[in-house]
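Worksheet: one structure, shown below.
Only the coordinates and a few stated rules stand behind these numbers; no lab work does. Predicted model only: the values in this text are computed from it and were never measured. We place every Cβ from the backbone using ideal geometry, glycine too, and count neighbours over all the protein chains shown.
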Amino acid sequence: MARRSRSLALSLLLAAAALCALAPAFLQGPPKNTDVVPPAAVGALVAMAGALPAEAGSYPGPLYGSEICNSGALRYFIYPLCDWVYLVSPLYNFPIVLLISSILVTTIQVA
């Protein structure tokens, strides 16, 4: 009986030592936050984003001055090709983004 209790105690002692030795291998350290953006950079980005429509207004689009941009009902669909301000201004960009995102979501749901 004494032999059995010694081997049980020795087995428990070895199991505890193995658990203590291997415990750090299974623990994860604290996550490293590598994608932190400084607040000053976010403020600068917001200020630049507000000026994007003004910058886009100085460059004409590829169809600027053509007949299709001046008349016809089709011009409302191709205005972003006539003037770049329609692609970067949130007021005019919303229908384009809504159309593209709804087509993308519908395609994913159907497939």
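Miscellaneous remarks
- For peptides 85-97, 69-81, sequence by mean Cβ density within 10 Å, most packed first: 85-97, 69-81
- Put a dot 7 Å past the Cα of LEU99, heading toward its Cβ, do the same for ALA44, and the two dots end up 3.6 nm apart.
- Calculated log₁₀ intensity ratio I(q)/I(0) where the Debye formula runs over C-alpha points of region 61-105, q = 0.18, 0.20, 0.25 Å⁻¹: -0.56, -0.66, -0.87
- Between ILE108 and LEU19, the simple spin-label model (points 7 angstrom out along Cα→Cβ) gives 4.5 nm.
- Built amide H within the under 5 Å cut-off of ASP83, gap 5+: GLY61
- Couplings 3J(HN,Hα) of region 70-83, computed from phi: 9, 8, x, 6, 5, 4, 5, 8, 10, 4, x, 7, 8, 8 Hz, in residue order, whole Hz [Karplus 6.51 cos²θ - 1.76 cosθ + 1.60, θ = phi - 60°; x for Gly and Pro].
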